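Have a look at the structure below, then the notes.
Throughout, read-outs are computed from the coordinates displayed, never taken from laboratory work. On a predicted model such as this, the values are computed, not experimentally measured, just so you know. A quick note on method: Cβ atoms are made from the backbone with ideal geometry, for glycine too, and the neighbour counts reach across all protein chains shown.
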Amino acid sequence: MPTRSTKRQRGGGIPALAREIEGLISANPSATVPVLRAIRRAYSRRLKDASPQFVIGLALRLSGTRRPTPRFVAYELVRHHPRAPLHIGARHLGRLGRGIASWGAVDCFAVYLAGPAWRRRRVPDGLIHRWAHSPDRWWRRVALVSTVPLNSRAQGGAGDRRRTLRVCRLLERDRDPMVVKALSWSLRELAKRDPAAVRGYIEARAGALPSLVLREVRNKLETGLKNPRRS
């Protein structure tokens with residue numbers, strides 16, 4: 001049951017709180033990420049005792065705008081709530097990602113929400129594979145970036161060679177720049193956990209992979225850096 005304090009924090013409910021947050025963002029049209037994050041932190045403190053359903057509902061309301069900035073705040077509100085990430089499923093992801101169309105929004109969505117939900121097996125592999133087959137470049141990028149939380153220690157990943165390489169295989173012949181860069185990122189993140197698997201994959205699939213991916217991943221395997229400085 002919501003506490004009396006939580007009810008006060010909610011104010012007039014989700015619509016009123018969403019308008020309040022959007023008003024603060026609109027008052028700072030050129031706000032930097034640290035400024036936006038400070039706004040988000042203030043609301044995370046207010047909502048720490050709110051139910052996961054309330055926080056997800058607020059994120060859905062904020063992500064409905066066409067502007068990318070409220071999406072960033074919406075996704076972070078869910079990510080930093082104590083319980084909301086554990087309740088994210090396929091239906092939520094479909095709505096939170098609807099209309100996604102920018103590099104920054106895609107990566108926040110995939111790293112903060114989609115990837116962790118997949119890692120926890122709250123969504124099936126088939127959903128990620130459907131995104132990989134999407135005609136929309138941004139959803140194909142989401143599929144690849146969603147592998148990052150499987151392997152990133154900072155994101156809680158323990159490593160998942162099978163699921164990561166399956167998505168990479170689906171998109172290895174894609175030459176859209178946004179997808180190519182995401183493929184490189186996916187493989188470089190896995191290389192930190194399982195370099196032998198990544199080395200075997202790029203050698204076996206060298207004829208299909210983009211040259212940028214081969215160069216950056218080989219650099220990562222050999223030097224630890226994507227683009228090492230030349231001496």
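For the range 138-231, the Kirkwood radius over C-alpha pairs fed into Stokes-Einstein at 25 °C and 0.890 mPa s yields D = 189 µm² per second. Once the Cα atoms are used to define both axes, helix 211-223 deviates from the longest principal axis of the chain by about 90 degrees. When peptides 175-185, 33-43, 16-26 are sorted by average Cβ neighbour count within 10 Å, with the highest value leading, the order is 175-185, 16-26, 33-43.
Converting phi to 3J(HN,Hα) with the Karplus coefficients 6.51, -1.76 and 1.60 and the offset θ = phi - 60°, the range 26-42 yields 5, 6, 10, x, 10, 4, 7, 4, x, 5, 4, 5, 5, 4, 4, 4, 4 Hz in sequence order, with x at every glycine or proline. Between Ala27, Ala158, Ala50, the Gaussian network model of the chain with springs among Cα atoms under 10 angstrom shows the greatest mean-square fluctuation at Ala27.
Karplus-based coupling profile of the range 157-172, in residue order and whole Hz: x, 9, x, 8, 4, 4, 5, 5, 5, 5, 5, 4, 4, 5, 10, 5, with θ = phi - 60° in 6.51 cos²θ - 1.76 cosθ + 1.60 and x standing for Gly or Pro. Amide hydrogen proximity for Ser102: with H placed 1.01 Å from N in the peptide plane, no residue at 5 or more positions away or on another chain lies under 5 Å. Between the Cα long axis of helix 195-204 and the first principal axis of the chain there is an angle of about 60°, rounded to the nearest 10. Distance between the pseudo-spin-label points of Arg121 and Ala101 (7 Å out from Cα toward the beta carbon): 3.8 nm. Compared with the dominant principal axis of the Cα atoms in the chain, helix 177-193 is inclined by about 80°.
Potential lengthening of the chain between Ala90 and Gln155 amounts to 21.4 nm, from the contour at 0.36 nm per residue minus the alpha-carbon distance.
Using the beta-carbon distance between Arg83 and Arg130 and R0 = 25 Å, what value does 1/(1 + (r/R0)^6) give for FRET efficiency, to the nearest 0.05? For Arg83 and Arg130, the calculated efficiency is 0.35. For Lys192, a cut-off of 19 angstrom between C-alpha atoms picks up these aspartates and glutamates, skipping any fewer than 8 places away in its own chain: Asp160, Glu203, Glu216, Glu222.
Close amide-amide hydrogen proximity is noted between Ser152 and Gly157, each under 5 Å apart and 5 or more residues distant or on a separate chain (H modeled in the peptide plane; Pro and chain starts excluded).
Where the eigenvalues come from the Cα gyration tensor of the range 43-116, what are the semi-axes √(5λ) of the equivalent ellipsoid, largest first, in whole Å? Mind showing how you got there, number by number?
Details: eigenvalues 66, 31, 23 Å².
Result for the range 43-116: semi-axes of 18, 13, 11 Å.
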